Every structure is written in structure tokens, then in C-alpha cells.
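Asks: Once you've had a glance at the structure underneath, I'll fire off some questions.
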Amino acid sequence: MGQLIFHGQSCTEIVTGDDTRLLIDPFLTDNPIADVGREHFHDRLDYLLLTHGHYDHVADAWPLLSEVNPTLIASFEIVSYAQEVLGHEKAHPMHIGGGFDFPFGRVKMTPALHGGQVAGEGAEGYTTVPAGLLLDLDGCNIYHAGDTALIADMALLEGQVDVALLPIGDNFTMGPEDAARAVDMIKPRVVIPIHYDTWPLIGQDPEAFRARVEPRAEVVVLQPGDTYEF
Ligand code: NI
């Protein structure tokens, strides 16, 4: 049994069945809807995973690397920035299409269509290809789509995803209509909407998204601080 705790925007904490603590896309300090700050992770953070380099996905990643020394799992370019500029050596670089068996489970990087800037002090010159993350944890397959448009490649994930975290905010990523089409392509059992309501620009009604998607998949709406058990 594992726990997935949503912290607003795309920030997702996962505690696996063997009590490994993962954090995806930490955006806490400047996130108007985050329920916790970085101190929440100061007692322990085992792995920090990043889908891409935009500010609203990495803003608290760089300080957390020095504060708690987790293993960074990210694209080769983001890991290069962390190692060369920030001096954080504990990292595992990956790239699109590649998977690796970590002690806590398997991580595969999947395609996403989005911007490639890496935000951070001294990050000029570092760009990356945004990714989604497909996690196999205790036999439960969790797909965190990161920031992305609807792409035909998502059809390749059919049969591989139990729980899909999909952006629905529109403007910078898929909106509800395209996210519902993504559900039809991926066919997960459960969908958790992310990347919405952080600012008015990406305001959405998750209940309208639920009405659009169910009963083809169960939509679980998590408020920041809510936990989904898998
Ligand atoms: Ni982004």
C-alpha cells in the first residue's frame, strides 16, 4: 500500500509501500495553493523527480537538494545543471523512452510536448526536453504527465497505467477537453487532475472534468494536502 499526496500545481509526494519518500516537481514557497512548505520534507526525502525545468516545477527543487540531499532523478540536461552549477552529485540522469529499476520501483520517462527552459540561478544555456514519468510502484503503475499537450504518443501508454495524473489547466497545457481525450487513449483506472486553479489563468472546474470523463475512468479530485492510497 502506498500513498500519493497532492500539494498543488503538479507537486506530488509519494510514499511507497516500503516507506521510500519521493517528491515530483516541488513548487511550494511561491505556490499560492500549496499546503506545505519545504520544511515538510526536511526530516527525510529519498528521491526528487522532475518532469521538466520550468519554475513552477523546480522552484523548491534546488534548495531541497542542498537541504535534504535526495537523489535527483531527471533528464540528462537537468542533472547536468544540478551537478555542474549547483554541485549536487547525488543524481541519476535519464531520458525520453528510457526506464530504470530503482530500489523503490521502476521509472520510465515518456514523451511530453512543452517548453524546455531550465529555470534557476546559472541555468542559462541549459535546456531540456520535457517528460512524463511512468512509475511502477508495488505493482501499481502511476503516470505523472508533467506539462504537455495532447499527443498521439499517449496511445502507447494504453494498458500500462492504473493511475494517471493529467494537467487540465489549459493555456500552458492540455485543457479539460484534450485531457479527456488523453483518458480515452491511455485508459487508466483512475485519473487525478493536476496543474489547474493555481492562478486564475488556469482556473478549471474539476467536477466538470469528472462529468466529461466518468464512467470511462474514475476521477479523483485531490485538494492540496489530500491523500490518495494505492
Ligand atoms: Ni511547464
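Asks: Based on the mean of other Cβ atoms within 10 Å per residue, sort peptides 166-175, 63-72 so the most packed one is first.
Replies: Ranked from most to least packed, the peptides come out as 166-175, 63-72.
Asks: Work out the FRET efficiency for R181 and D30 from their Cβ-Cβ distance, taking R0 = 25 Å, and round it to the nearest 0.05. Each step should come with its number before you reach the end.
Replies: On the way: r = 31 Å, r/R0 = 1.26.
Plugging the Cβ-Cβ distance into 1/(1 + (r/R0)^6) gives 0.20.
Asks: A further question follows. Quick one: accessible surface of D60, probe radius 1.4 Å, all protein chains present, in square angstrom to the nearest 10.
Replies: 0
Asks: Would you mind putting 26-32, 51-57 in packing order, based on average other-beta-carbon counts within 10 Å, highest first?
Replies: Values: 26-32: 18.3, 51-57: 22.4.
Top of the packing list down: 51-57, 26-32.
Asks: Something else: Answer rounded, prolate or oblate for region 63-185, using the Cα gyration tensor with square roots of eigenvalues a ≥ b ≥ c: rounded when a/c is under 1.5, else prolate when a/b is larger than b/c, else oblate. Walk me through the numbers before you get to the answer.
Replies: Numbers: a/c = 2.29, a/b = 1.42, b/c = 1.62.
Verdict is oblate for region 63-185.
Asks: Taking the Cα of Q117, stepping 7 Å toward and past its beta carbon, and measuring to each backbone N in region 151-192: which are under 17 Å?
Replies: 171-173
Asks: Taking square-rooted eigenvalues a ≥ b ≥ c of the alpha carbon gyration tensor, is the chain rounded, prolate or oblate, where a/c under 1.5 means rounded and, failing that, a/b exceeding b/c means prolate?
Replies: Values: a/c = 1.42, a/b = 1.37, b/c = 1.04.
Since a/c stays below 1.5, the shape of the chain is classed as rounded.
Asks: Note down the nm distance, to one decimal, between modelled labels 7 Å out along Cα→Cβ at E67 and at R212.
Replies: 3.5
Asks: Moving on to the next point. Could you list the residues of region 120-136 with an amide nitrogen less than 18 Å from a label point located 7 Å from the Cα of S80 in the Cα-to-C-beta direction?
Replies: The answer is 120-131.
Asks: If you don't mind, another one. From largest accessible area down, sort K108, K187; use a 1.4 Å probe on the protein chains. Walk me through the numbers on the way to the answer.
Replies: Details: K108 75, K187 115 Å².
Descending order: K187, K108.
The values are calculated or read from the model by the stated rules, or taken from the named source; none is laboratory data. Small disclaimer: the values here were computed from a predicted structure and weren't measured. Every residue, glycine among them, receives a Cβ derived from its backbone with ideal geometry; neighbour counts consider all protein chains shown. Just the protein is used for accessible areas: all its heavy atoms, side chains included, with ligands, DNA and RNA removed. Shrake-Rupley method; radii C 1.70, N 1.55, O 1.52, S 1.80 Å.
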